[in-house]
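Reading through the structure tokens given below for one structure.
What follows is calculated from the coordinates using simple rules that are stated; it is not laboratory data. Please read these numbers as outputs of a predicted model, since none were measured by experiment. Here the Cβ positions follow ideal geometry from the backbone for every residue, glycine too, while neighbour counts run over all protein chains shown.
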């Protein structure tokens, strides 16, 4: 039998703030370095978890620049000398004078100790939205929720781009574990297999129908917590 290999990284979710945000702490078990994804709302809870784990926060990863995902950056940087990472397209959309962030393109790799984090450019919710892939885990921000997806009617949103993005994400291995940016569903995580089966936004085979559903129908017929919706011949 193959020898057991302990995990080299750990992903922990903290549900913080009034909008049920998931803030993720990614820990590299070898170096004891940690990255925070979308620091917001209750920074002391984030730093306390890092202290409990005995890790040092060296990196901050942004999925996008909406206020509810970034409002803890300044406070966290007051505690740790961490490097801020986001996509170049999102920095341009955000338009803030950031202090020497590391700007990425889709396909770039971030090295967190021995843990390799792949940056995926996933526009639709915002022009520079990103997902972060670590082996079989995918942190999706507001691109994909469990049995849902992010809004496209806010500034910078584009349902046509969201359709293309979700089609690309469907090509990942079906056992990929989805870690969303909000706790909007009946379960905090899912697999891509279950999303393909039960996420209505992944059921559309033509863009026009997807855009109509995302922009004009979904919010009238579905409310969180989201349950799976299985595909019908009308999708």
Gyration tensor over alpha-carbon atoms, the range 173-235, equivalent ellipsoid semi-axes in Å: 20, 15, 10
q = 0.25 Å⁻¹, the range 111-206: log10 I(q)/I(0) [Debye, one scatterer per Cα]: -1.41
Residue 216 paired with residue 98, simple spin-label distance in nm, labels 7 Å along Cα-to-beta-carbon: 3.6 nm
Spherically averaged projected area of the range 147-202 from its Cα convex hull (nm²): 3.9 nm²
Degrees between helix 159-169 axis and first principal axis of the chain (Cα, 0 to 90, nearest 10): 70 degrees
Contact order normalised by residue count of the chain, Cα under 8 Å, 6+ apart, percent: 14 percent
Among beta bridges that DSSP assigns inside the range 26-160, antiparallel share in %, nearest 5: 60 percent
Computed label-point distance, nm, for sites residue 187 and residue 15 using a 7 Å Cα→Cβ extension: 1.5 nm
Fraction of alpha-carbon pairs over 29 Å apart in the chain - percent: 25 percent
In degrees, nearest ten, helix 43-53 long axis to first principal axis of the chain (Cα): 60 degrees
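So if each residue of separation counts as 0.36 nm, and I subtract the Cα-Cα distance between residue 208 and residue 29, what length gain in nm does that give? Present the calculation step by step, with values, prior to reporting the outcome.
Details: separation 179, 0.36 × 179 = 64.44 nm, distance 4.53 nm.
So the extension gain works out to 59.9 nm.
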Prolate/oblate/rounded call for the range 65-130, Cα gyration tensor, a/c under 1.5 rounded: oblate
Expected 222 nm ellipticity per residue - DSSP helices of 4 or more, -39500 (n - 2.57), all of the chain, to 500: -6000 deg cm²/dmol
Rough spin-label spacing in nm, given labels placed 7 Å along Cα→Cβ, for residue 153 and residue 111: 4.6 nm
Enclosed volume per residue, in Å³, of the convex hull spanned by Cα atoms of the range 1-123: 126 Å³
Relative packing of peptides 90-98, 209-217 - highest average C-beta neighbours within 10 Å first: 209-217, 90-98
For the range 1-48, average projected area of the Cα convex hull in nm²: 4.3 nm²
Ascending count of other beta-carbon atoms within 10 Å, so fewest first, for 166, 100: 100, 166
